[in-house]
Structures are given as C-alpha cells and as structure tokens.
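All remarks here apply to the structure that follows.
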Amino acid sequence: MMEHQMQDQPTPALERLLTTAEVAEALQISPSTLCRWRQVGHGPRVTWLTPFSPRYQREDVAAWVKRSAA
C-alpha cells in the first residue's frame with residue numbers, strides 16, 4: 001500500500017537552469033568573461049545540454065560565489 005501511495009505523488013519539477021546571459025548578469029560580468037572562465041575551468045560548474053548550450057544550476061552558481069568570496 002505504501003508503495004502505491006509513493007507512485008501517486010507528483011514528481012518534483014526540474015529546477016530551471018540558467019543561461020550564460022543570466023549568470024553573467026547576476027555576477028555583473030560580460031557573457032564573454034563567463035565563456036573564457038569555462039574554457040580555462042574557472043567559474044561555476046556548467047551543465048552542457050548540447051555542445052552549444054551551456055546551462056547553470058542556481059545552487060552551483062551560489063556555491064561558487066561563496067567559495068570565491070572566502
């Protein structure tokens with residue numbers, strides 16, 4: 001019975017991923033700076049949807065800012 005109840009619960013929605021432009025605006029840097037950081041392995045962790053579609057999770061950006069400020 002408990003197993004059946006778990007299946008009836010809605011799945012949590014996926015968190016909306018941020019674009020390069022959105023992260024750049026939030027960090028007050030240019031999108032090209034964020035692109036350069038990606039190329040050298042600096043900046044927030046990136047998730048690649050396709051080879052041309054980098055996206056960021058809010059918690060990864062926040063964690064990177066926190067680490068960088070320390």
Extended-chain gain in nm, criterion 0.36 nm per residue less alpha-carbon gap, GLU59 and SER32: 7.6 nm
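Based on the Cβ-Cβ distance of TRP48 and ALA70, what FRET efficiency does E = 1/(1 + (r/R0)^6) give at R0 = 22 Å, to the nearest 0.05?
The formula returns an efficiency of 0.20 here.
A short reminder: the numbers here are calculations on the coordinates, not readings from a lab. If you're wondering where the values come from, they're calculated on a predicted model, not measured in any experiment. A quick note on method: Cβ atoms are made from the backbone with ideal geometry, for glycine too, and the neighbour counts reach across all protein chains shown.
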